[in-house]
Amino acid sequence: MVKRGRSSNDGKPWKCRCGNVNKPTKHRFFKLPAFQCGKCQTKLALDFKFCLGEIEAGGKSLIGEVYDQGNEPLCVPFAYAKAAEITERVFLINNGMDPELVIPIDPFELERRFLDKRPDGGPSGVGLTKDAGLHKVLHMGLILRSEGIQRIDVGPEVIQLEESEIFNQDGTYIAADVSSIPRDAFENICHAMAEGIPLVATYLVGKARGRVPYCKSYKSPSLRRIRDKKGKEIGHAVVLIGAGMQKGKLYFYFLNSWTKRFCARRNKKGEIIRGGIGKIRESDLTKNVIKLSPPHEAGGERRLEDQPVFDISNINYVLMKGMEKQSTAQMLQRLRDREAANGGYIPAGHDDDGIFRDDEGVHKVVVTNVST
């Protein structure tokens with residue numbers, strides 16, 4: 001377990017109007033404030049923030065260096081590569097090892113593996129539904145769990161880490177499990193990140209996506225605005241590494257793959273002090289966030305199911321798009337019961353039973369309410 005002094009951003013106790021004092025919950029890297037009163041259920045009204053980017057162990061960053069995807073549409077494999085790296089760095093730090101020993105996976109190889117799985121073998125976004133990113137985020141996560149990805153450079157460092165139980169002897173990274181957290185489950189997302197677990201997330205980007213000032217939240221263009229201007233719906237994948245609330249508005253900190261020049265903080269000489277980390281509104285996430293489980297940890301009830309075909313199954317569709325407020329737990333149980341009765345996997349589109357598969361609409365409500 002990593003030992004450190006308490007962060008100035010640790011959550012504080014707060015006293016509710018009912019008189020109850022709500023103590024913060026302790027996690028591996030941060031204390032989080034109670035999100036609601038334990039007595040009367042009144043919601044938290046105090047500002048707070050935390051970010052894994054501020055954590056260092058022995059003078060070494062928890063999150064490592066900022067990636068650069070260049071001008072290629074490779075944000076999803078780069079986000080997964082960074083999430084995998086941070087997960088391993090956290091594991092090594094907690095076991096008293098040097099996080100710099102982690103060898104990142106090859107995002108270009110992950111992209112190639114995804115293209116190999118496409119029925120037409122074509123480039124990303126061709127021949128799929130409008131939300132091609134849904135397929136990409138899902139299948140790349142499954143590839144990391146079922147097949148694994150080679151690291152960028154397999155050298156003598158791998159031998160040093162065999163006992164850490166995160167490297168295979170051939171230097172391949174394999175995720176312990178892959179699951180999702182509903183994008184509207186803000187508290188659950190915060191708890192995961194406070195434990196040191198990065199999360200892959202997506203949002204829509206506009207023309208000003210690369211010109212965000214330091215410490216300012218990026219505001220995604222609305223889908224209606226994009227369509228009114230007959231623009232192109234461009235999604236972007238990043239790694240969530242923190243969150244906060246300011247004047248009642250929720251937001252996330254994310255690590256981008258556009259070098260340190262993104263959201264850069266500079267000194268008087270114009271030199272970059274810090275960069276690569278941005279802020280986005282909680283409501284701007286377009287898909288549920290994806291969690292790569294640390295070693296020996298299972299994905300639980302929201303584990304993404306294996307797919308023998310490329311088309312997204314109903315269960316995975318709900319796991320990727322259905323929100324907490326839409327009774328998705330009931331829907332998932334109904335679908336799993338049906339699969340069990342059917343003797344196994346049921347392909348997408350087979351008696352959807354209340355699922356509104358809105359791939360073409362991209363971001364509308366996707367799951368109908370289920371009566372009990």
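Here are a few things to note about the model shown:
- Checking the stated criteria, Gly19 turns out not to satisfy the condition of being assigned to a helix (DSSP H, G or I) and closer than 30 Å to Gly248 by Cβ.
- Every pair of residues 6+ apart whose Cβ atoms lie under 7 Å, when the first sits in the range 301-319 and is farther than 24 Å from Asp184 by Cα while the second is at pLDDT 90 or above: Asp306/Leu142; Asp306/Ser146; Gln307/Leu142; Gln307/Asn316
- Within the range 298-329, being in a helix (DSSP H, G or I) and aromatic (Phe, Trp, Tyr) holds for one residue alone: Tyr317.
- Restricted to the range 262-287, and to residues there that are over 25 Å from Ile181 (Cβ atoms) and touching a strand residue (DSSP E or B) at 6+ places or on another chain (Cβ under 7 Å), the residue that is surrounded by the fewest Cβ atoms within 10 Å (Cβ to Cβ) is Asn267.
- Of all residues in the range 246-256 being farther than 19 Å from Gly196 by Cα and not charged (D, E, K, R), the one that is surrounded by the most Cβ atoms within 10 Å (Cβ to Cβ): Leu250
- Of the residues making up the range 1-32, those that are among the β-branched types (Val, Ile, Thr) and at pLDDT 95 or above are Val21, Thr25.
- Test: Asp131 is of a type outside the set (A, V, I, L, M, F, W, C), modelled with pLDDT of 90 or more and surrounded by 14 or more Cβ atoms within 10 Å (Cβ to Cβ): no
- When restricted to residues that are over 21 Å from Asp68 (Cα atoms) and either outside any strand (DSSP E or B) or not hydrophobic (A, V, I, L, M, F, W, C) (or both), the range 267-297 contains 16.
- Whichever residue in the range 334-354 is under 16 Å from Gly322 (Cα atoms) and among the aliphatic types (A, V, I, L, M) and, among such residues, is modelled with the highest pLDDT: Leu335
- Subset of the range 249-266 [within 22 Å of the chain's Cα centre (by Cα) and outside any loop (DSSP other than H, G, I, E, B)]: Lys249, Leu250, Tyr251, Phe252, Tyr253, Phe254, Leu255, Trp258
- Residue check, Pro294 surrounded by fewer than 22 Cβ atoms within 10 Å (Cβ to Cβ) and in contact with a helix residue (DSSP H, G or I) (Cβ under 8 Å, 6 or more places away or on another chain): yes
- Residues located in the range 109-128, provided they are hydrophobic (A, V, I, L, M, F, W, C) and modelled with pLDDT under 95: Phe114, Leu115, Val126, Leu128
The values are calculated or read from the model by the stated rules, or taken from the named source; none is laboratory data. These numbers come from a predicted model, not from an experiment. FYI the Cβ positions are ideal-geometry reconstructions off the backbone, even for glycines, and counts take in every protein chain you see.
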